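The values are calculated or read from the model by the stated rules, or taken from the named source; none is laboratory data. All values reported here derive from a predicted model rather than from experimental measurement. Positions of Cβ are backbone-derived with ideal geometry, glycine not excepted, and every protein chain shown enters the neighbour counts. Just so you know, the surface numbers come from the protein's heavy atoms only, side chains and all, with ligands and any DNA or RNA stripped out. Shrake-Rupley method; radii C 1.70, N 1.55, O 1.52, S 1.80 Å.
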Amino acid sequence: MPQTANPSYVARIMKERGLSAKKGLGQNFLVDQNIVRRILENAALEGESWVMEIGPGLGALTAPLADRAARVVAVEIDGELAAILRETLVSPKIAIVEGDALRLDWQELLQGAGWRGQPLSLVANLPYYITSPLIMKALESGLPFAAIVVMVQREVAERMLAAPGSKEFGVLSLAVQYYAQGSLVMKVPRTVFLPAPAVDSAVVKLTPRPPQVSAPRGELFEVIRAAFQQRRKTLRNALRPLAKGWNLSLEQLDQALISCGLDPSVRGERLSLEDYSRLTQELLKGV
Ligand code: SAM
């Protein structure tokens, strides 16, 4: 298997095939072995593991993943790259699927490739334009990922791992906390990509776990989304449309806030996941 996370390899393939990186598809190829190693170390891989990879590109992660795991199912949207990967990474352990990872049904895809519940991890150097929806899809997929290890824009990593009260804290932070234990693996400078992107990156590890709060998921996220719809508003004002939609009076909304010990003039970014869960349960009592 070629050493794919390597500047001369990437430059050579691009030249030979007359390719240029498609900016619109977030094509910034990783060319640093150390970072590949750190990603792999954090992917909770066992000999039996299957890996789902999003956006394999020229195979920087795909080839080394196949050395460590039983099988890698890699979804690439760019037909030219998918064709190159099928030629360059010939291994019974690697399945290259051409398609849009946001649209495909992952369960169906994995089962179609022969996955029967073996340990599973998700690994990706994500294209920046789909980071948040892709992470949400992974978290909500219901697939039993032992680990989700993703390279994302540094600012997105900060949002994923933010704590209540910080300006980065929002729906993405709460979703990550709801579904997983998140940690920063490493910060990554823009210089390790070809071409170099305009921003720095970071590798984040998410370890999915059962939710630690008891409010029903759908309603909980309705409340969270409403609270962050207009960040500058007080929680009371931000939740007014939701209360109306749930047929709750303003008095009932105030009462729920008070019962949770929340000052109605507080802003949504101050509340923890636990606070949102209690508030959702209080609001639901009136529905
Ligand atoms: N994994 C490679 C690496 O580390 O060098 C490439 C990473 S590059 C940041 C992102 C890759 O995702 C590109 O190959 C791009 O074509 C692919 N991609 C973009 N949008 C996609 C989508 N919706 N579904 C699947 N792959 C996508």
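Accessible surface for ARG37 stands near 110 Å², nearest 10, in the context of the full protein assembly shown (1.4 Å probe). Only aspartates and glutamates eight or more places from LYS22 in sequence, or on another chain, were considered; those with a Cα closer than 14 Å are GLU76, ASP78, GLU80.
Would you mind counting up the charge near SER265? Only other residues with Cβ under 13 Å from its Cβ, with Lys and Arg at +1 and Asp and Glu at -1. Combined, the nearby Lys, Arg, Asp and Glu give +3. For a paramagnetic label modelled on GLU98 (point 7 Å from Cα along Cα→Cβ), amide N atoms under 12 Å away are absent within segment 104-128. Here segment 25-98 was treated as a single set of alpha-carbon atoms; its pair distances binned every 10 Å from 0 give 21, 55, 24, 0 percent.
Ordering PRO197, ALA147, GLN3 by the projection of their Cα atoms onto the charge dipole of the chain, which places +1 on the Cβ of Lys and Arg and -1 on the Cβ of Asp and Glu, puts PRO197 at the extreme positive end. For ARG12 and ARG231, the difference between the fully extended length at 0.36 nm per residue and the C-alpha to C-alpha distance is 74.1 nm.
Estimated at the nearest 10 Å², the accessible area of MET1 is 110 Å² with a 1.4 Å probe.
Tell me, Kirkwood radius of the chain from alpha-carbon pair distances, in Å? One decimal place: 20.4 Å for the Kirkwood radius.
Can you tell me how segment 218-287 classifies by the Cα gyration tensor, rounded, prolate or oblate, using a/c under 1.5 as the rounded cut? The shape class here is rounded. The slack between VAL199 and VAL90, meaning 0.36 nm per residue of separation minus the straight C-alpha distance, is 35.9 nm.
Charge tally around PRO56: other residues with Cβ under 11 Å, Lys/Arg +1 each, Asp/Glu -1 each, net -3.
Here the label points at GLU140 and SER265, each 7 Å from Cα along the C-beta direction, are separated by 3.6 nm in the simple model.
Give me the number: length gained by fully extending ARG37 to GLU155, i.e. 0.36 nm times residue separation minus the C-alpha to C-alpha distance, one decimal in nm. Intermediate results must be reported in sequence, preceding the final value.
Values: separation 118, 0.36 × 118 = 42.48 nm, distance 2.27 nm.
Result for the pair: 40.2 nm of gain on full extension.
Put a dot 7 Å past the Cα of ALA163, heading toward its Cβ, do the same for GLN181, and the two dots end up 1.7 nm apart.
Protein heavy-atom surface of the chain, 1.4 angstrom probe: 49% of the accessible area is carbon and sulfur, with nucleic acids and ligands not counted. Solvent-accessible surface of segment 13-122, averaged per residue with a 1.4 angstrom probe and all protein chains in place: 44 square angstrom. At a probe radius of 1.4 angstrom, the accessible area of segment 168-287 per residue rounds to 49 square angstrom.
In this view, the solvent-accessible surface of GLU222, computed with a 1.4 Å probe and all protein chains in place, comes to about 90 Å².
For a 22 Å ceiling on Cα separation, which of these pairs sit above it: LYS167/LYS285; LYS167/LYS233; LYS244/LYS285; LYS93/LYS205?
On the way: LYS167/LYS285 31 Å; LYS167/LYS233 14 Å; LYS244/LYS285 15 Å; LYS93/LYS205 24 Å.
Beyond 22 Å: LYS167/LYS285; LYS93/LYS205.
Per DSSP H run of at least 4 residues, take -39500 (n - 2.57); add these up for the chain, divide by its residues and hand me the 222 nm value, nearest 500 deg cm²/dmol.
Calculated at 222 nm, the ellipticity per residue is -11500 deg cm²/dmol.
Paramagnetic label reach from TYR129 (point 7 Å along Cα→Cβ; backbone nitrogen cut-off under 14 Å): within segment 56-81, residues 77-79.
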